[in-house]
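Enquirer: Have a look at this one before I ask anything.
FYI, it's all coordinate maths here, none of it is from the lab. The shown structure was predicted, so the numbers you read here are calculated from the model rather than taken from an experiment. Cβ atoms come from the backbone with ideal geometry, glycine included; neighbour counts cover every protein chain shown.
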Number of protein chains: 2
Amino acid sequence: MHTDIEICRQTPLVPINDVATRAGFLSDEVQSQGAYKAKISLDALSRLNANQSGKLVVVTAITPTPLGEGKTVTTIGLAQGLAKLERSVMACIRQPSMGPVFGVKGGAAGGGYSQVAPMEELNLHLTGDIHAVTVAHNLASAAIDARIYHEQREGYDAFEARSGMKALRIDIERVVWKRVMDHNDRALRMVTVGRNAPNKTINGIERQDGFDISAASELMAILALASNLADLRERIGRIVLAYDLDGNPLTTQDFKVAGAMTVTMKDAIEPTLMQTLEGVPTLIHAGPFANIAHGNSSIIADNLATKLAEFTITEGGFGSDMGFEKACNIKAQASGKAPDCAVVVATLRGLKANSGLYDLRPGQAIPDQLYQPDHRALLEGFTNLKWHINNVRKYGVPAVVAINRFPQDSEQELQQLAQWVRELGDDVDVAISDAFAKGGEGALELAQKVVTQCQTAHPFTPLYTSNMKLEQKLLTLAEVGYGAASITLSDAAKAQLKLFNEQGFGNLAVCMAKTPLSITTDSAIKGAPTGFDVPIQELKLCAGAGFIYALCGNVMTMPGLPDKPAFMELDIDANGDIIGLA
Amino acid sequence: MHTDIEICRQTPLVPINDVATRAGFLSDEVQSQGAYKAKISLDALSRLNANQSGKLVVVTAITPTPLGEGKTVTTIGLAQGLAKLERSVMACIRQPSMGPVFGVKGGAAGGGYSQVAPMEELNLHLTGDIHAVTVAHNLASAAIDARIYHEQREGYDAFEARSGMKALRIDIERVVWKRVMDHNDRALRMVTVGRNAPNKTINGIERQDGFDISAASELMAILALASNLADLRERIGRIVLAYDLDGNPLTTQDFKVAGAMTVTMKDAIEPTLMQTLEGVPTLIHAGPFANIAHGNSSIIADNLATKLAEFTITEGGFGSDMGFEKACNIKAQASGKAPDCAVVVATLRGLKANSGLYDLRPGQAIPDQLYQPDHRALLEGFTNLKWHINNVRKYGVPAVVAINRFPQDSEQELQQLAQWVRELGDDVDVAISDAFAKGGEGALELAQKVVTQCQTAHPFTPLYTSNMKLEQKLLTLAEVGYGAASITLSDAAKAQLKLFNEQGFGNLAVCMAKTPLSITTDSAIKGAPTGFDVPIQELKLCAGAGFIYALCGNVMTMPGLPDKPAFMELDIDANGDIIGLA
């Protein structure tokens, strides 16, 4: 078997302008960025507005394990399978962060014969959208510290009298906008900025700050949720950066930086068109986290794809309790376009890992036993798959389970698992997917079943609506969304809830920031637990994205590098080609 | 008169592929990035290697003033003038930083009818090269802090035994690689990284650090000096990031990060092709500082342009004591291609400002008197122009003075100034340039005189060669380069000199980091002073770039934002077009 990058390099690609034409874009809507990438103008959105929308398929998964379930492989493979069935189809995926590419993760382009190509372009700078997010985000940070410096150095009254601008009287203990960088850099999690040499003040006012990875920026969530450039501008203008000394929120508008931030993201709002190894048009756009944000690619990309293609395949981050929940409750409510079908990706080894019978750690070798037939572990793990199938049904969305096959898998166990799924009901189907090894050819059965399930009429039922009270939204997500028995708000969270209600943010959506490794908030609890409590430590406002996120435990927003990071393998060879990219 | 951006938007542009073909690039050497930008493959370098080189013209200036002398306007105007004379010509300029675009400076695309277009693309992300420098630079920073963390947490012996890697034993007081960001952000000049919550250690080891603006990264200097991708890789591998506890230098190779940094800059090494408002092909590549680095656009861009065009027009940063000196002593010695002619840009108001008779500050209104005829001020200021003309001649390079005309200028003073220049000798000529108001048509006389001066045979004589001792290079630059009487090394600089010699860096070039606002190291001293001392406070090693820079006074490597930054004017209008970009 060849490596992903070898397969990618050996596969002849179609010129991107041809991919675009085939997808239905007009030539003046396409700005090619080299031979195999193109920016798609939002003019296409207006042109296509009256078209009927095709079917939207969201790929989700069982509770993730350190092994990787192959969600992107399945997304790309399914799109290729549909193309082989001569259905018009596009895929929409998120842009991967560069930080993790240099860290532990390797690429995020799918794998085997189901990849987005060229994979090195997807995994590195692509067309610069993440860089634009980083620049726009840090421009606001520079604006905050500059304003603190000028106001405090001069004194508020003197500042107002001289500059003709209102003093913002920023509370330096309540600057809620951190800086960002697209790297795994733990040393930046907590920093002191504005330090000065002794008896100097030229570097500004010292305060505590920190960096998140760029994908964790509220701007990334906004990019994924905005419907057009004007909406991007409005959303950016609503971002709360800090609070003044009286506790009033200060927005980007108050700092007069919202326009410049939008200008910086003017190209980023256009999705990037690429192709799969089998030439299926694929839109890459935005890459928000699936805990502190909603973890799905952009509404703009979906809107373009569903107006042009009979089927649009997209994916949500982590398991169905995370990305899929947010695809329904946050994204679909913002876009007005509900999923027509969900694909739940499962693997034999992933289900066994979810049995709780194995102790697995990221980066460690996979125990051989996981590949051996193990009826007990599989049956235990199946409770987790069943939970995710039922979770999808909760929203009125039919499910197709894709069992992503690995070469070591037992045929008997695969069939056993498929049988268990079939017994769950008519609105559930199952297919074994060989998309990794065989591309679209390996996903024909899956594609056929998705086509069938998409024809099932169903009323889409999100768990909450915006007019419900914030606390009710939290409770509903915990109880109905996760099957918890209760929620417990910390004192801090209670105070924040009160404040957000008073400040007029009660109509926002709620985004749960919890571990993806369990349906509960405790990563050690596997399977399909019930009766648990959801402790909510803190609430954070993302007024531009349009949600409040609830921190249920520690969520890492700036990863670190291991002692042998993936970057150590990366280099160029004598031909100038990249080597060492997994 | 229209604003720069209005002129730019009203001017029809040529599709970039046509610009490229006209310039002589083959279609498979051109990767268009949208309609008006293209990356040029370095394959063109090999193809063109045997071609004869055209003439290289370096545009420099009098000692800069806060008024702006119009060096880029003259560079672009001259290129357009040569095109109007039916000479084949290309311009090569640096990519502007985004930080200053949001700060005080506005754009850097030239102005009036002598601009690189589209100016908003040049001034914002362009094709992402600065972002690539930022990412590659900060990857090394993350690598340093991760290695410090893993080695110190585990202990050196345990780290070696477990990981199989040699412990680097990094001296955290001697990490010489700061982080970078492309913003004007004074609060990042001095930061503490690796801070932890009480009794925690998960964020690494606390140490003092700081951020420079990305253009100040050694990687930016390397990008401008590298001759191809393999040379980029080698230069990156020579960068010294830190010292170990025994005082030995630790390079990117020791951290195994040089390959990944090169991969990150793989696209950045390709120059970006754009065009002037009159369709002259223009290569944009790299943007190193002209004090702590050598302040000229890339050798690769020059090599491509001089192999294809009869005339290549490029510019060096600041006055001829800065960018032009470094074009000769650092860039030309690295490239093997000497300037064939220098254009020295002067303005009436700039010379008067250089008289020392006015007190000018950046950001303040220009006093009306500067536009009034003032024989005494002009004559005083002329000593500065004469100094720069003679400085250029020192290298055996003929000079053409371009007097950049402003609407308020007195015709009589313009003629007077031109006459004074003509009296200086045969290897000097002069032309009044109307490039701002009239484009190439306004630079015909200048273009004609440049053509004539380029025909003058002359032996190129840089001030020093690499085999001279470091101290001798410093002395030569001060005495011969500036006309100083002496240099004074601080104790720290003496110790560094000794160390660099011992560690085998004695053959590197020397890059003077001093104020551009005076020929001396004191920005208050105007005109053409002599007999002064050059105090050298500190020496810094840029082993990858291939020079040691000498700090003569404070050089700001991270600007700050004023209280009313340029970003406050930036926004998008109802059509989605950018407004407020100067």
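Enquirer: Any chance you could list the semi-axes, whole Å, largest first, of the equivalent ellipsoid that the Cα gyration tensor gives for region A:482-582, using √(5λ)? Write down the numbers at each step before the final one.
Expert: Working: eigenvalues 294, 84, 26 Å².
Working through the eigenvalues yields semi-axes of 38, 20, 11 Å.
Enquirer: Could you give log10 I(q)/I(0) at q = 0.12, 0.15, 0.21 Å⁻¹ for region A:7-120, computed by the Debye formula over C-alpha point scatterers of equal weight, without solvent?
Expert: So the normalised log intensities are -0.53, -0.83, -1.44.
Enquirer: Right, something else. Please give the contour-minus-distance gain from A:LEU85 to A:ALA457: 0.36 nm per residue of separation, less the Cα-Cα distance, rounded to one decimal in nm. If you can, show how the numbers build up before the last one.
Expert: Working: separation 372, 0.36 × 372 = 133.92 nm, distance 2.20 nm.
In short, 131.7 nm is gained.
Enquirer: Could you line up B:LYS256, A:LYS71 from fewest to most neighbouring Cβ atoms inside 10 Å? The partial results should precede the final answer.
Expert: Numbers: B:LYS256 18, A:LYS71 26.
Listed from fewest to most nearby Cβ atoms, that is B:LYS256, A:LYS71.
Enquirer: In addition: Alpha carbon centre of region A:436-468 versus region A:150-205: separation in Å?
Expert: Here the two parts' Cα centres lie 49 Å apart.
Enquirer: When you look at the Cβ of every residue in A:6-14, what mean number of other chain Cβ atoms sits within 10 Å?
Expert: 0
Enquirer: Same structure, new question: Measuring label to label, 7 Å along Cα→Cβ, what does B:SER410 give against each other copy in nm, shortest first?
Expert: 10.0
Enquirer: Here is a further query. Helix B:299-308 versus the longest principal axis of chain B: what is the Cα-based angle in degrees, 0 to 90, to the nearest 10?
Expert: With rounding to tens, the tilt is 40 degrees.
Enquirer: Taking a label point 7 Å from Cα toward Cβ, how far is A:ASP491 from its twins in the other copies, in nm, shortest first?
Expert: 5.5
Enquirer: Same structure again: For region B:129-265, what size does the Cα cloud have along each of its three principal axes, sorted from largest down, in whole Å?
Expert: Each principal axis gives a Cα extent; for region B:129-265 these are 44, 36, 24 Å.
Enquirer: Between beta-carbons, use under 11 Å as the cut-off and find the net charge around B:PHE318, counting Lys and Arg +1, Asp and Glu -1. Don't skip to the end; give the middle numbers.
Expert: Working: positive: B:LYS71, B:LYS326, B:LYS514; negative: B:GLU69, B:GLU315, B:ASP321, B:GLU325.
Overall, the nearby charge balance is -1.
Enquirer: Taking other Cβ within 10 Å of each residue's Cβ, how do A:TRP420, B:TRP177 sort, fewest first?
Expert: Numbers: A:TRP420 16, B:TRP177 21.
Ascending number of Cβ neighbours within 10 Å: A:TRP420, B:TRP177.
Enquirer: A 18 angstrom limit on the alpha carbon distance is what I want to check against. Which of A:LYS473/A:LYS514; A:LYS37/A:LYS326; A:LYS55/A:LYS331; A:LYS307/A:LYS337 exceed it?
Expert: Details: A:LYS473/A:LYS514 16 Å; A:LYS37/A:LYS326 29 Å; A:LYS55/A:LYS331 16 Å; A:LYS307/A:LYS337 11 Å.
Too far apart for the 18 Å limit: A:LYS37/A:LYS326.
Enquirer: Let me ask another. Taking 7 Å along the Cα-to-C-beta vector as the label spot, tell me the A:ASN17-B:GLN52 distance in nanometres, rounded to one decimal.
Expert: A separation of 3.6 nm, rounded to one decimal place.
Enquirer: Please give the residues of region B:244-258, grouped as numeric ranges, whose backbone N is less than 17 Å from a label point set 7 Å along the Cα-to-Cβ vector of B:GLU234.
Expert: Output list for this probe position: B:252-253, B:258.
Enquirer: Ordered by residue, what ³J(HN,Hα) values in Hz, to whole numbers, does region A:329-345 give under the Karplus form 6.51 cos²θ - 1.76 cosθ + 1.60, where θ = phi - 60° and Gly and Pro are x?
Expert: 7, 9, 5, 5, 5, 6, 8, x, 10, 8, x, 8, 6, 10, 9, 9, 7
Enquirer: How much space per residue, in cubic angstrom, does the convex hull of the C-alpha atoms of chain B take up?
Expert: Values: hull volume 94.4 nm³, N = 582.
Roughly 162 Å³ of hull volume per residue.
Enquirer: I would also like to ask the following. Net charge within 10 Å of B:ALA109 by Cβ-Cβ distance, Lys/Arg positive one each and Asp/Glu negative one each, not counting B:ALA109 itself? Please report the intermediate quantities before stating the final value.
Expert: Details: positive: none; negative: B:ASP4, B:GLU120, B:GLU121.
Once positives and negatives cancel, what remains is -3.
Enquirer: Continuing with the same structure: Pull up the cross-link candidates among the aspartates and glutamates for A:LYS84, meaning alpha carbon to alpha carbon under 19 Å and not fewer than 8 places away within one chain.
Expert: Hits, sequence-local ones excluded: A:ASP18, A:GLU278, A:GLU310, A:ASP434, A:GLU441, A:GLU445.
Enquirer: In Å³ and rounded to a whole number, note down the convex hull volume per residue for the Cα atoms of region B:203-289.
Expert: It comes to 142 Å³ per residue, whole-number rounded.
Enquirer: For region B:409-527, take every pair of Cα atoms, bin their distances at 10 Å starting from 0, and report each bin as a whole percent.
Expert: Histogram of Cα-Cα distances, whole percents per bin: 10, 25, 26, 22, 14, 3.
Enquirer: What average number of partner chain Cβ atoms lie no more than 10 Å from the Cβ of the residues making up A:209-220? Walk me through the numbers before you get to the answer.
Expert: Values: counts 4, 3, 2, 0, 0, 0, 0, 0, 0, 0, 0, 0.
Mean number of neighbouring Cβ atoms from other chains: 1.
Enquirer: Measuring nothing but label to label, 7 Å from Cα along Cα→Cβ, what are A:ILE202's distances to the other copies in nm, shortest first?
Expert: Nearest to farthest, the other copies are at 3.9 nm.
Enquirer: Right, something else. Enumerate the calculated ³J(HN,Hα) couplings along region B:478-495 in order (Karplus 6.51 cos²θ - 1.76 cosθ + 1.60, θ = phi - 60°), each rounded to whole Hz, writing x wherever the residue is Gly or Pro.
Expert: Per-residue couplings from phi come out as 5, 7, 7, x, 10, x, 6, 8, 6, 10, 10, 8, 5, 4, 4, 5, 4, 5 Hz.
Enquirer: How far is helix A:129-154 tilted, in degrees, relative to the longest principal axis of the Cα atoms in chain A, given as a value from 0 to 90 rounded to the nearest 10?
Expert: 20
Enquirer: Hey, another quick one. So for the pair A:LEU499, B:ARG361, with labels modelled 7 Å out along Cα→Cβ, what separation do we get in nm?
Expert: Inter-label distance under the simple model: 3.9 nm.
Enquirer: A follow-up question, please. Could you give the Stokes-Einstein D for the protein assembly as shown in µm² per second, using the C-alpha Kirkwood radius, 4 °C, 1.567 mPa s? Before the final figure, lay out the partial values.
Expert: Numbers: Rh = 31.3 Å.
Roughly 41 µm²/s, to the nearest whole number.
Enquirer: Report the residues of region B:499-538 in range of a label on B:SER486: point 7 Å along Cα→C-beta, backbone N strictly under 19 Å from it.
Expert: B:520-522, B:529-538
Enquirer: Then there's this: In terms of modelled amide H atoms, which long-range or inter-chain residues lie less than 5 Å from the amide H of A:VAL30?
Expert: The list, which skips near neighbours in sequence, is A:SER41.
Enquirer: Which angle from 0 to 90°, rounded to the nearest 10, does the C-alpha axis of helix A:375-394 make with the longest principal axis of chain A?
Expert: It works out to around 60 degrees.
Enquirer: Report the paramagnetic label zone for A:SER163: residues of region A:189-205 whose backbone N is under 18 Å from a point 7 Å from Cα along the Cα-to-Cβ axis.
Expert: A:194, A:201-205
Enquirer: What net charge do the residues around B:GLN416 carry, taking every other residue with its C-beta under 12 Å from that of B:GLN416, with Lys and Arg at +1 and Asp and Glu at -1?
Expert: Net charge in that neighbourhood comes out at -4.
Enquirer: What percentage of all Cα-Cα pairs in region A:386-439 are separated by more than 16 Å?
Expert: On the way: 632 of 1431 pairs.
Result: 44 percent of Cα pairs exceed 16 Å.
Enquirer: In square nanometres and to one decimal, what's the mean projected area of the convex hull around the Cα atoms of region B:35-85? The partial results should precede the final answer.
Expert: Values: hull surface 25.6 nm².
Reported value for the Cα convex hull: 6.4 nm².
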